[in-house]
Each structure stands twice: as structure tokens, then as C-alpha cells.
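Step one of this worksheet: look at the structure below.
The values are calculated or read from the model by the stated rules, or taken from the named source; none is laboratory data. The structure displayed is predicted, hence computed values, not measured ones. Every residue, glycine among them, receives a Cβ derived from its backbone with ideal geometry; neighbour counts consider all protein chains shown. The protein model used for the area step is the full one, side chains on, heavy atoms only, and it has no ligands, DNA or RNA in it. Shrake-Rupley method; radii C 1.70, N 1.55, O 1.52, S 1.80 Å.
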Amino acid sequence: VGLRSRRTARHSPASGDVRAGERACIGQRRRERRRDPSYRGARGLVFPSLKEGFGLPAIESLACGTPCVVARIGGLIEVAGDLGLFVDPTDPASIADGIARLLDDEAHHQRVRAEGPEWAKRFSYQEMARRYLAIYTELAR
């Protein structure tokens with residue numbers, strides 16, 4: 001969920017009317033250098049994935065202090081933690097409720113702005129490498 005532009009309005013089936021028509025776009029893969037402005041300018045990320053290995057989009061969103069609506073599955077549960085707004089990805093009503101919470105819950109939005117970047121550091125490449133090195137070092141003993 002982000003700011004509408006001519007490009008996203010053309011691609012978005014919801015571009016006609018989403019909460020005053022100001023914030024609707026369908027996410028696309030973007031170059032790394034362009035990702036932060038997309039997340040930072042968005043009210044939130046809606047990611048009701050049916051199958052997810054690790055949840056990188058949720059981590060990226062939280063790292064920017066942007067709330068996320070995510071499926072209650074696999075790795076998303078761990079990476080979003082208590083900052084995620086969880087939904088049943090097979091239930092449109094659950095997804096709609098999650099989006100409504102994303103748009104309406106200002107306290108949650110402020111909490112993610114404050115805590116999200118620090119939470120996401122737990123999943124940085126450097127932190128993952130440090131953890132793997134510790135595991136391998138322990139196994140080598």
C-alpha cells in the first residue's frame with residue numbers, strides 16, 4: 001500500500017478507490033537503491049503470501065519503520081514478530097480486516113516506526129553470518 005502514481009494506477013486493479021483513492025499500488029520488484037523510498041513512503045506493506053520461505057519483504061518493510069500485514073505462516077511469523085499484523089492468507093475477510101487495521105491503527109503505526117528498524121537488524125546479513133559462524137565454530141569443537 002503506497003502512494004499512487006501514473007505508473008502504479010495503470011497496473012493496480014484497486015487504483016480507482018482505496019480509502020479516498022490516495023494509496024493503492026501493486027508492489028513490483030525494484031532495484032535495491034529504489035526500495036527504501038517505496039517502503040518509507042508507504043502506509044504499509046500488504047503481503048498475504050500463501051507460501052514464504054523467509055519473509056524478506058516483511059523485514060525490509062520493518063527496517064524502514066513501515067508496518068506490514070502478513071500471512072500467519074512459516075518464516076513470516078518469526079520475522080514480523082509482534083510488530084506484524086497477521087492474517088489468514090486464504091480468507092479475503094481476514095486480509096481486509098488486516099488492511100483496515102493497517103490504515104486505522106495509528107498507535108501501531110507509531111510503534112513500528114519506533115521499533116521496526118531495530119527489530120529488523122536481527123535479520124541483517126551480517127547478523128545471520130555471525131550466527132552461522134558461531135554455530136559452525138561450535139560444531140567444529
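Hey, could you check segment 65-80 for residues that are open to solvent by 10 Å² or more (accessible area, probe 1.4 Å) and outside any helix (DSSP H, G or I) and say which is modelled with the highest pLDDT?
First, the residues of segment 65-80 that are open to solvent by 10 Å² or more (accessible area, probe 1.4 Å): 72-75, 77-78.
Add one more test, that the residue is outside any helix (DSSP H, G or I), and what stays is 72-73.
Numbers: Arg72: 95, Ile73: 92.
Of everything passing the filter in segment 65-80, Arg72 is modelled with the highest pLDDT.
Does segment 46-63 hold any residues that are open to solvent by 10 Å² or more (accessible area, probe 1.4 Å) and assigned to a loop (DSSP other than H, G, I, E, B), and which are they?
First, the residues of segment 46-63 that are open to solvent by 10 Å² or more (accessible area, probe 1.4 Å): 46-54, 56-57, 59-60, 63.
Matches in segment 46-63: Pro48, Ser49, Leu50, Lys51, Glu52, Gly53, Phe54.
Could you grab the pairs with beta carbons closer than 6 Å, sequence gap of 6+ or different chains, first residue in segment 66-87 and farther than 12 Å from Ala120 by Cα and in contact (Cβ under 8 Å) with a residue 12 or more places away in the chain, second one polar (S, T, N, Q) and open to solvent by 10 Å² or more (accessible area, probe 1.4 Å)?
As it stands, the answer is Ala71/Ser49; Val87/Ser94, since those pairs meet every condition given.
Which of the numbered conditions does Pro89 fail, given that it passes all the others? Conditions: (1) surrounded by 12 or more Cβ atoms within 10 Å (Cβ to Cβ); (2) assigned to a helix (DSSP H, G or I); (3) not aromatic (Phe, Trp, Tyr).
Pro89 satisfies all of (1) surrounded by 12 or more Cβ atoms within 10 Å (Cβ to Cβ); (2) assigned to a helix (DSSP H, G or I); (3) not aromatic (Phe, Trp, Tyr) except (2).
What's the total number of residues in segment 89-112 that are among the β-branched types (Val, Ile, Thr) and under 12 Å from Pro67 (Cα atoms)?
Residues flagged as among the β-branched types (Val, Ile, Thr) and under 12 Å from Pro67 (Cα atoms) within segment 89-112 amount to 2.
Residues in segment 113-141 that are farther than 20 Å from Pro67 by Cβ, in a helix (DSSP H, G or I) and of a type outside the set (S, T, N, Q): how many?
Of the residues in that region, 14 qualify.
Out of the residues in segment 101-110 that are open to solvent by less than 80 Å² (accessible area, probe 1.4 Å) and assigned to a helix (DSSP H, G or I), state the one that is nearest to Val87 (Cα to Cα).
Looking only at segment 101-110, we keep the residues that are open to solvent by less than 80 Å² (accessible area, probe 1.4 Å), and these are 102-103, 105, 107-109.
With the extra rule that they be assigned to a helix (DSSP H, G or I), the set shrinks to 102-103, 107-109.
Values: Leu102: 11, Leu103: 15, Ala107: 19, His108: 16, His109: 17 Å.
Filtering first and then ranking leaves Leu102.
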